[in-house]
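Every number in this text was worked out from the coordinates using simple rules, so none of it is lab data. The model shown is predicted, which means the values in this text are computed figures rather than measured ones. So basically every Cβ, Gly included, is an ideal-geometry build from the backbone, and we count neighbours across all protein chains shown.
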Amino acid sequence: MAEEKLQRLEVVTPEKKTYSQDIRFVVLPGTEGELGILPEHAPLVTSLKTGLVRVQHEGKTLKIAVSGGFAEVRNSRVTVLANAAEREDQIDVQRAQAAKERAEQRLASGGSDIDVVRAEAALKRALNRLKAAGQA
Ligand code: ATP
């Protein structure tokens, strides 16, 4: 059987490298929609929204929560540069749950001192982390 073509996926943040592996297929949460990338994909650069990077590797799907950033695809290499990124096994569910509740309370309070855009972004990050961890 012909050997399966692979591509390199690197997920990095300003703080650390979250993932680095040769993989078959990855879905990226592009701001214009989800992008499925196979090896030898045409070069592209896209911005990312808060969402899940879904990696197919060795017959399993791994979820990585990313909180916005950019991705570059070139020469069978996918580089994700994210503001924050956590693999599903790295997520602190209690912390994400607490962040979700804080953001919901801020939004529900409706006070004039609330930064709604910021609270909504925090809520999105928390919900995304819970989804990655299989808790939402
Ligand atoms: P919190 O209010 O709990 O700090 P946040 O959305 O404001 O959440 P970020 O600013 O996006 O947090 O991330 C700060 C750092 O903490 C990043 O390194 C991120 O990967 C990490 N992080 C945030 N929430 C979690 C979580 N629930 N589990 C694991 N790591 C997390």
Before anything else, pin down the relative contact order of the chain: Cα pairs under 8 Å, at least 6 apart, normalised by residue count, whole percent.
21
Once phi for every residue in region 27-42 is put through the Karplus expression 6.51 cos²θ - 1.76 cosθ + 1.60 (θ = phi - 60°), the whole-Hz ³J(HN,Hα) values, with Gly and Pro written as x, are 10, 10, x, x, 5, 9, x, 6, 10, x, 10, 9, x, 6, 5, 4
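Suppose R0 equals 35 Å; then what is the FRET efficiency for ASP115 and PHE25 from their Cβ-Cβ distance, rounded to the nearest 0.05? Kindly include the intermediate steps, with their values, before the conclusion.
On the way: r = 38 Å, r/R0 = 1.09.
For ASP115 and PHE25, the calculated efficiency is 0.35.
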Would you mind telling me which residue in VAL73, VAL117, VAL93 has the biggest mean-square fluctuation in a Gaussian network model of the chain, where springs connect alpha carbons within a distance under 10 angstrom?
VAL117
List the equivalent ellipsoid semi-axes of region 55-110 in whole Å, largest first, each obtained as the square root of 5λ for an eigenvalue λ of the Cα gyration tensor.
30, 16, 8
I'd like the projected area of the chain, averaged over all directions, using the convex hull of its alpha carbons. Report it in nm² with one decimal.
9.2
Working from the alpha-carbon coordinates of region 91-132, get Rg over Rh, Rh being the Kirkwood radius.
1.01
If each K or R counts +1 and each D or E counts -1, the residues other than SER20 whose Cβ falls under 14 Å of its Cβ total +3
Long-range amide H contacts for ALA84: which residues qualify at under 5 Å (H placed 1.01 Å from N, peptide plane, sequence gap of 5 or more or a different chain)?
SER67
